[in-house]
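Report on the following structure.
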Amino acid sequence: MKFFSWSEIAEGLGIAFQALKSNRLRTILTTLGIFIGVVVITVIISVIQGLNAYVKGEISFLGADTVYISRMPWTITDYEEYLEYTKRKRITEDHYEFVKRYATLDEAISLEIATRRTVKYGSESLDDVIITGTSEDYVTTQNVVAEYGRFFTPSEVNFRKNVCVIGYEVASILFEDRDPIGERIKIGANTFSIIGVLEERGQVFGQSLDNMTIIPYSVFEKIYGNRRSLEVQVKARNPDILEELIDELIGIMRRARSLGAGEPNDFSINQQSEIMDLYNSITQILYIVLIGIGSISLVVGGIGIMNIMLVSVTERTREIGIRKALGAKNRVIMWQFLVESMFVSAIGVTIGILISMGIAMIVRSATPIPVNISLWVLFLGIAFTVTIGIFFGLYPASKAARLDPVEALRYE
Amino acid sequence: MLIDLKGIVKDYQVGLEKVHALCTIDLQINKGEYVAIMGPSGSGKSTLMNILGCLDTPTAGIYKLNNAQVSTMNDDELAEIRNREIGFVFQTFNLLPRATALHNVELPLIYNGTPAAQRREMAEKSLEKVGLKDRMNHRPNELSGGQRQRVAIARALVNNPSIILADEPTGNLDTRTGDEIMEICEDLHDAGNTIILVTHEEYIAEHSDRIIRLRDGMVERDEAA
């Protein structure tokens with residue numbers, strides 16, 4: 001059975017277009033609710049997606065295949081919990097050695113301990129530089145590359161040599177155009193010779209990763225003591241065995257800490273996805289609330305369409321009568337009004353998407369968040385149009401279709 | 001026989017009261033006849049015309065149009081019959097105000113799925129018959145009353161229907177324009193069309209060959225003009 005002929009569809013579109021053209025203001029006002037709803041939903045989806053991409057990019061320096069053994073978890077949501085964590089024992093160099101001896105699934109293991117100091121070269125000085133004490137494997141676990149010179153060797157670590165690798169920012173501020181390799185700088189009261197400069201790494205949440213100076217952890221301990229808890233960084237052989245690696249590390253750490261069967265872990269094994277999870281759980285709520293607001297706006301907009309379509313049916317009662325007298329079947333009349341309501345809804349959705357694109361462009365240029373209206377948002381738009389148009393147009397359209405031709409022709 | 005009405009009854013419920021608009025009408029009309037239906041207001045001529053035009057179905061009785069049993073058809077079947085068999089000409093023209101004359105004439109063809117090119121050709125031919133080919137791109141408000149009624153006649157003719165049903169076609173026109181319209185009707189009749197004219201004006205009815213007079217929902221007289 002054939003439901004619609006093309007000429008009927010063309011007639012429906014023509015009628016809709018003309019009806020809306022002669023009621024421009026009314027049409028625009030009717031679409032207001034729809035387009036606000038579309039803007040809210042598309043902008044929110046796009047901004048949150050952009051934020052996700054941004055956060056993911058920002059924390060990617062942590063490495064998807066590296067886990068971090070430390071005293072506390074990275075994400076603490078509760079103050080009581082935090083107080084419990086502060087009672088935990090430090091992670092020490094012994095643990096690092098222990099893990100290094102027993103781990104089998106690792107590609108590399110490093111440790112990290114950090115503080116902030118002023119770094120001086122001649123008369124130039126730079127405050128608040130992150131001083132990181134680590135081992136030679138830091139290069140692998142943290143994916144850092146010495147752009148000039150080299151990283152330190154195991155023997156430089158073992159023999160506690162005062163060597164350092166400086167970050168890109170430290171190099172460019174203290175040395176400008178000069179070659180820093182072989183030069184001596186002062187970190188606090190201690191003198192170090194520069195053996196390498198790191199490649200530029202950029203910022204994380206506005207914090208520079210280039211404002212740092214890396215020294216052997218053995219030297220760090222000699223100068224700053226060993227009272228700080230350190231972090232052991234373990235890179236998996238490949239990303240697929242991350243879970244197995246974590247299990248292995250938990251076993252090793254429990255052994256190192258001599259924990260009994262019933263005792264809880266008194267250390268934390270952190271990874272990048274943990275931050276992502278926390279972040280996602282926060283945005284999830286935001287997402288649901290705002291999508292809810294957007295949906296309410298769409299429903300209100302849809303009711304607006306229904307209202308205006310009812311007015312339109314009444315206004316055009318006589319026209320409906322004429323069309324029926326000339327042989328228009330009920331479904332043809334129904335189709336005509338459905339096309340019209342979908343048309344109104346399409347105008348709202350189109351304006352909404354265009355405005356969303358504008359907002360996305362503004363957000364993109366004003367913030368570091370990469371907001372894009374993706375293609376599927378357009379498909380979503382079409383789906384909205386059809387759904388709202390049909391759902392809220394159905395009642396007025398069927399009312400029009402059921403009109404009695406005799407009554408309709410008599411209508412003034 | 002083109003039209004065969006047997007025992008047609010039409011009742012309306014007005015509030016609690018039942019109104020007999022038509023009671024037992026028996027009527028036969030042959031192909032090619034030119035019939036006028038007359039009667040004072042309230043005589044049931046509008047009701048009869050709605051039933052003849054398949055806009056409404058009778059409460060009781062049998063209506064056969066071209067041997068098809070119309071009285072028991074559903075909405076969509078009636079729409080198809082109206083489209084194929086009946087050309088309406090109304091007192092108030094009933095053109096779509098925003099559509100051009102051509103589009104108005106094309107409408108019945110749109111609803112029976114005639115292809116666009118053929119549709120246009122047929123509509124133009126029909127407008128030519130009523131002498132309005134040069135006005136086909138005008139909208140109703142750009143046409144005079146007589147021209148509008150001629151567009152309506154072109155629309156009624158376009159599908160080559162069995163009956164042309166004219167309901168007070170001159171009621172909204174001055175005498176001279178009315179006469180023009182009646183001349184067109186006569187020409188159509190001469191060309192072999194069946195015409196049913198509803199009117200309350202004696203001099204208009206006189207154009208026909210047969211006058212059926214209604215009173216109180218019944219046929220009072222049925223005679224040659």
Q: Give the stretch A:321-341 a look and list any residue that's at negative phi and part of a loop (DSSP other than H, G, I, E, B), or say none.
A: A:LEU326, A:ALA328, A:LYS329
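Okay, residues lined up against (1) within 19 Å of A:LEU29 (Cα to Cα); (2) out of contact with any Lys or Arg (no Cβ under 7 Å at 6 or more places or on another chain); (3) at pLDDT below 90:
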position: A:GLY292; (1), (2), (3): no, yes, yes
position: A:SER297; (1), (2), (3): yes, yes, yes
position: A:ILE303; (1), (2), (3): yes, yes, no
position: A:VAL313; (1), (2), (3): yes, no, no
position: A:THR317; (1), (2), (3): no, yes, no
position: A:ILE322; (1), (2), (3): no, yes, no
position: A:ALA325; (1), (2), (3): no, no, no
position: A:LYS329; (1), (2), (3): no, yes, no
position: A:MET342; (1), (2), (3): yes, yes, yes
(Q) Only one of A:ILE36, A:ILE91, A:ILE48, A:ILE130 is in contact (Cβ under 8 Å) with a residue 24 or more places away in the chain, under 33 Å from the mean Cα position of the chain (by Cα) and closer than 30 Å to A:MET309 by Cβ. Can you tell me which? (A) A:ILE36
Q | All positions within the stretch A:180-221 that are in contact with a helix residue (DSSP H, G or I) (Cβ under 9 Å, 6 or more places away or on another chain), within 11 Å of A:CYS164 (Cα to Cα) and among the β-branched types (Val, Ile, Thr) | A | A:ILE185, A:ILE187, A:ILE194, A:ILE195, A:VAL197, A:THR213, A:ILE214, A:ILE215, A:VAL219
Q) For the stretch A:9-29, how many residues meet the condition of being under 11 Å from A:GLU340 (Cβ atoms) and assigned to a helix (DSSP H, G or I)? A) 10
(Q) Please go through (1) within 8 Å of chain A (Cβ to nearest Cβ); (2) surrounded by fewer than 17 Cβ atoms within 10 Å (Cβ to Cβ); (3) not aliphatic (A, V, I, L, M) for B:HIS138 and return the number of the only condition it doesn't satisfy. (A) (1)
Q. Given the conditions (1) within 29 Å of the chain's Cα centre (by Cα); (2) surrounded by fewer than 18 Cβ atoms within 10 Å (Cβ to Cβ); (3) not in a helix (DSSP H, G or I), and given that A:GLU412 satisfies all but one, which numbered condition is not satisfied?
A. (1)
**Q.** Number of the exception - A:ASN143 against (1) closer than 21 Å to A:ALA114 by Cβ; (2) touching a strand residue (DSSP E or B) at 6+ places or on another chain (Cβ under 7 Å)
**A.** (2)
Q.
If I go through the stretch A:30-46 residue by residue, how many of them are crowded, with 20+ Cβ neighbours inside 10 Å, of a type outside the set (Gly, Ala, Ser) and more than 14 Å from A:MET342 (Cα to Cα)?
A. 8
**Q.** Candidate set: the stretch A:320-341, residues that are surrounded by fewer than 24 Cβ atoms within 10 Å (Cβ to Cβ) and charged (D, E, K, R); chosen: the one farthest from the other protein chains (Cβ to nearest Cβ)
**A.** A:ARG331
Q.
touching a residue at least 60 places away in the same chain (Cβ under 8 Å), in the same structural domain as A:ASP94 (by TED's automatic domain parsing), of a type in the set (Phe, Trp, Tyr) and touching a Leu at 6+ places or on another chain (Cβ under 9 Å): which single residue out of A:TYR121, A:TYR168 fits that description?
A. A:TYR121
Q. Inside the stretch B:93-103, can you point out the residues that are more than 9 Å from every other protein chain (Cβ to nearest Cβ) and in contact (Cβ under 8 Å) with a residue 40 or more places away in the chain?
A. B:PHE93, B:ALA101
Q. If only one of A:VAL377, A:VAL344, A:VAL363, A:VAL311 is surrounded by fewer than 15 Cβ atoms within 10 Å (Cβ to Cβ), away from chain B (no Cβ under 14 Å), hydrophobic (A, V, I, L, M, F, W, C) and at negative phi, which one is it?
A. A:VAL311
Q.
It is to be established whether one or more residues within the stretch B:183-192 are buried (at least 22 other Cβ atoms within 10 Å of the Cβ), away from chain A (no Cβ under 13 Å), touching a His at 6+ places or on another chain (Cβ under 7 Å) and not in a loop (DSSP other than H, G, I, E, B).
A. yes
Q.
Anything in the stretch B:3-48 that is loosely packed, with under 15 Cβ neighbours inside 10 Å and closer than 18 Å to B:GLU168 by Cβ? List them, or say none.
A. B:PRO40, B:SER41, B:GLY42
Q. Of all residues in the stretch A:226-240, which are farther than 24 Å from A:PRO216 by Cβ and loosely packed, with under 15 Cβ neighbours inside 10 Å?
A. A:ASN238, A:PRO239, A:ASP240
Q. Would you call B:ASP11 under 29 Å from B:GLY192 (Cβ atoms) and of a type in the set (Asp, Glu)?
A. no
Q: Within the stretch B:104-132, track down each residue that is of a type in the set (A, V, I, L, M, F, W, C) and more than 9 Å from chain A (Cβ to nearest Cβ).
A: B:VAL105, B:ALA117, B:MET122, B:ALA123, B:LEU127, B:VAL130, B:LEU132
(Q) Checking the condition more than 14 Å from chain B (Cβ to nearest Cβ), touching a Ser or Thr at 6+ places or on another chain (Cβ under 8 Å) and either farther than 23 Å from A:VAL311 by Cβ or free of Cβ contacts under 8 Å to residues at least 24 places away in the same chain (or both), which residue from A:VAL349, A:VAL371 passes? (A) A:VAL371
Q | Residues satisfying the stated conditions in the stretch B:120-135, i.e. in a loop (DSSP other than H, G, I, E, B) and either touching a residue at least 40 places away in the same chain (Cβ under 8 Å) or surrounded by 18 or more Cβ atoms within 10 Å (Cβ to Cβ) (or both) | A | B:VAL130, B:LEU132
Q) Taking the stretch B:68-88, which residues are within 11 Å of chain A (Cβ to nearest Cβ) and of a type in the set (A, V, I, L, M)? A) B:LEU78, B:ALA79, B:ILE81, B:ILE86
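The values are calculated or read from the model by the stated rules, or taken from the named source; none is laboratory data. Remember, predicted model here, so these are calculated numbers, not experimental data. No Cβ is skipped: glycine too gets one built from the backbone with ideal geometry, and neighbour counts run over all protein chains shown.
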